[in-house]
Amino acid sequence: MALHDLADIRLIPSQMVLDSSLLLALRKGDDNPRAAVAHRFVGWLGQQVINQQIAAWLLPSVLQECYHVILSRAIRRAWEALPLATRPANWLAAYKRQPELLATGFSDLGDFDKILAAIPVTPAQPKDLDMGRASQAVEVRMRHFITTYYLLPQDALILAEAERLGVSAVATLDSDWRRVAEFDIYTTPV
């Protein structure tokens with residue numbers, strides 16, 4: 001497999017998994033230094049999806065990671081706004097005491113869902129991740145990706161799910177993915 005520059009796509013795969021780093025960079029005001037590249041790539045990708053040239057898959061693990069980042073940032077902002085005298089030690093403790101703080105991120109989730117719909121992505125369902133496509137269990141494949149490419153578990157899970165889906169192309173802004181030789185990785189130059 002190979003590395004491909006998001007800014008210069010010449011080889012178009014028939015389907016691609018989108019990583020959370022790419023999707024999160026699409027949010028208004030995101031501070032990722034590669035956000036402009038992500039916006040241009042997703043504009044191109046959206047046209048390819050509309051023209052039925054490519055399927056853009058959203059894996060459950062990617063959606064979970066995106067939602068977690070969005071909601072934890074909202075809770076952190078809410079925690080920082082609490083009076084110092086009554087503020088818990090950290091944002092997680094604040095959430096455990098006041099779970100309704102989660103609601104401060106609900107509008108951000110709605111905005112993010114609109115971004116996903118505009119691409120448009122195809123959410124992978126459990127039936128799409130059928131065991132019939134993979135010869136080994138997800139945890140075995142995760143360990144393989146962790147130990148072979150020195151990836152963190154969340155990234156290894158995304159690869160294991162992509163493999164199970166039968167997709168060998170991933171678009172990401174995360175430089176860790178550049179080490180992965182078993183997939184076509186669409187990313188930015190270092």
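Nothing in this text is a laboratory measurement; each read-out follows from the coordinates by a stated rule. Just so it is clear, the model here is predicted, and its values are computed rather than measured. Positions of Cβ are backbone-derived with ideal geometry, glycine not excepted, and every protein chain shown enters the neighbour counts.
A few notes on this one:
- The relative contact order of the chain, computed from alpha carbon pairs under 8 Å that lie at least 6 residues apart in sequence, is 34 percent.
- In the chain, the calculated helix contribution to ellipticity at 222 nm averages -14500 deg cm²/dmol per residue, counting -39,500 (n - 2.57) for every DSSP H run with n ≥ 4.
- Charge dipole of the chain about the Cα centre (unit charges at C-beta), most positive-ward option of P126, A35, P189: A35
- Given +1 at the Cβ of Lys and Arg, -1 at the Cβ of Asp and Glu and no other charges, the dipole of the chain around its Cα centre is 380 debye to the nearest 20.
- Between the labelled values (i) 138; (ii) 106; (iii) 332, the entry that holds volume of the Cα convex hull per residue in Å³ as derived from this structure is (i).
- Ascending count of other beta-carbon atoms within 10 Å, so fewest first, for D174, D5: D5, D174
- Table column - 3J(HN,Hα) (Hz), the stretch 185-190, Karplus curve with 6.51, -1.76, 1.60, x for Gly and Pro: 10, 9, 8, 9, x, 5
- A dipole drawn for the stretch 3-187 from +1 and -1 charges on Cβ atoms has a positive end, and of Y150, L71, P88 the residue lying farthest that way is P88.
- Net +/- balance of residues flanking H4 in space, Cβ distance below 13 Å, scoring K and R +1, D and E -1: -1
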